[in-house]
Amino acid sequence: MDLFEAIKTRRSIRKYADKPVEDEKLEAVLEAVRLAPSWANMQCWRMVVVRDAKVKETLSDLSYVESYFSPKGYKANPSKKALAEAPMVIVLCAEPQQSGAIWGQNYYLVDAGIASENLMLAARAQGLGTVFVGVYDEVKVKGILNIPVNVRVVGLFPLGYPAAEPTTGPPRKPMQEICFHGMWGEQ
Ligand SMILES: Cc1cc2nc3c(=O)[nH]c(=O)nc-3n(C[C@H](O)[C@H](O)[C@H](O)COP(=O)(O)O)c2cc1C
């Protein structure tokens, strides 16, 4: 699939078909992360590929956010089921010490963000689906996967074949709102 086609048609996938992912396709997704650009080429990302059903179930249970405004005291994640149902979950981590921090910007998040988009587009280009799950109890996720203290979990990515071909997604802002020419505020 052409790159722009993949960019245009990628959607967050939250329902998966009961169909395994071929090893070559997984390898291509992981390779897309490996090849991403990064601060001083330090490649701060690390990944854990989770296939074990019980561990996926636990990740699913941990994908909540504490919420003062919710009567339950927490809000479940819209991708909660996806984490348990997809054939696998890629846990994308980063070592902040292996990236730059300057003028209040922590570039490990930028590095991992770029790698994340490579991951999602590589999935889409091969007919697979995924979704960036950024809300979860990080301390507990680290605990169950033996992730060292100096490593941050940046996102959980269920990976599998979409249950249905994605159609239109949530709308984007118009170009005039996000892009100026010459000076801020000028069109
Ligand atoms: C940093 C980040 C965190 C996100 N966290 C979640 C999440 O926790 N749960 C979820 O269902 N979707 C999550 N998303 C997916 C967004 O909701 C989704 O990308 C957005 O609504 C646009 O829809 P689209 O991906 O189909 O174009 C996240 C996306 C990003 C980039």
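Can we say Ala53 is loosely packed, with under 13 Cβ neighbours inside 10 Å, at pLDDT 95 or above, closer than 24 Å to Leu26 by Cα and among the small types (Gly, Ala, Ser)? Spelling it out, Ala53 is indeed loosely packed, with under 13 Cβ neighbours inside 10 Å, at pLDDT 95 or above, closer than 24 Å to Leu26 by Cα and among the small types (Gly, Ala, Ser). Checked against (1) without any contact (Cβ under 8 Å) to a residue 60 or more places away in the chain; (2) surrounded by 18 or more Cβ atoms within 10 Å (Cβ to Cβ), Arg124 passes all but condition (1). Of the residues in the range 36-45, at least one is part of a helix (DSSP H, G or I) and either among the aliphatic types (A, V, I, L, M) or modelled with pLDDT under 95 (or both). Look at (1) modelled with pLDDT of 95 or more; (2) over 14 Å from the mean Cα position of the chain (by Cα); (3) not in a helix (DSSP H, G or I) and you find that Leu159 fails only one, number (2). Of the residues making up the range 94-115, those that are in contact with a helix residue (DSSP H, G or I) (Cβ under 8 Å, 6 or more places away or on another chain) and either free of Cβ contacts under 8 Å to residues at least 40 places away in the same chain or under 22 Å from Gly160 (Cβ atoms) (or both) are Ala101, Asn106, Ala115.
Residue selection: Glu165 satisfies the criterion of being closer than 30 Å to Val21 by Cα, modelled with pLDDT under 95 and away from the ligand (no atom under 12 Å from the Cβ). Reported count of residues in the range 32-50, each being exposed (fewer than 12 other Cβ atoms within 10 Å of the Cβ) and farther than 27 Å from Tyr16 by Cβ, is 3. Screening Ala6 with (1) assigned to a helix (DSSP H, G or I); (2) within 22 Å of Lys142 (Cβ to Cβ) gives one miss only, at (2). In the set Gly129, Gly104, Gly113, only one residue is over 17 Å from Arg34 (Cβ atoms), within 12 Å of the ligand (Cβ to nearest atom) and of a type in the set (Gly, Ala, Ser); that residue is Gly129.
Do we have Asn150 as assigned to a loop (DSSP other than H, G, I, E, B) and either away from the ligand (no atom under 13 Å from the Cβ) or closer than 24 Å to Phe4 by Cα (or both) here? Considered against the rule, which asks whether it is assigned to a loop (DSSP other than H, G, I, E, B) and either away from the ligand (no atom under 13 Å from the Cβ) or closer than 24 Å to Phe4 by Cα (or both), Asn150 comes out as yes. Looking only at the range 85-111, residues that are part of a helix (DSSP H, G or I) and closer than 18 Å to Leu26 by Cα come to 1 in all.
For (1) farther than 25 Å from Lys15 by Cβ; (2) in a loop (DSSP other than H, G, I, E, B), each residue gets a yes or a no:
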| position | (1), (2) |
| --- | --- |
| Arg124 | no, no |
| Val141 | no, no |
| Val154 | no, no |
| Pro166 | no, yes |
| Glu177 | yes, no |
| Gly182 | yes, yes |
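Residues that are within 14 Å of the ligand (Cβ to nearest atom), touching a residue at least 24 places away in the same chain (Cβ under 8 Å), of a type in the set (Gly, Ala, Ser) and not in a loop (DSSP other than H, G, I, E, B) do not occur anywhere in the range 61-80.
The values are calculated or read from the model by the stated rules, or taken from the named source; none is laboratory data. On a predicted model such as this, the values are computed, not experimentally measured, just so you know. Every residue, glycine as well, gets a Cβ built from its backbone with ideal geometry; the counts of neighbours run over all protein chains shown.
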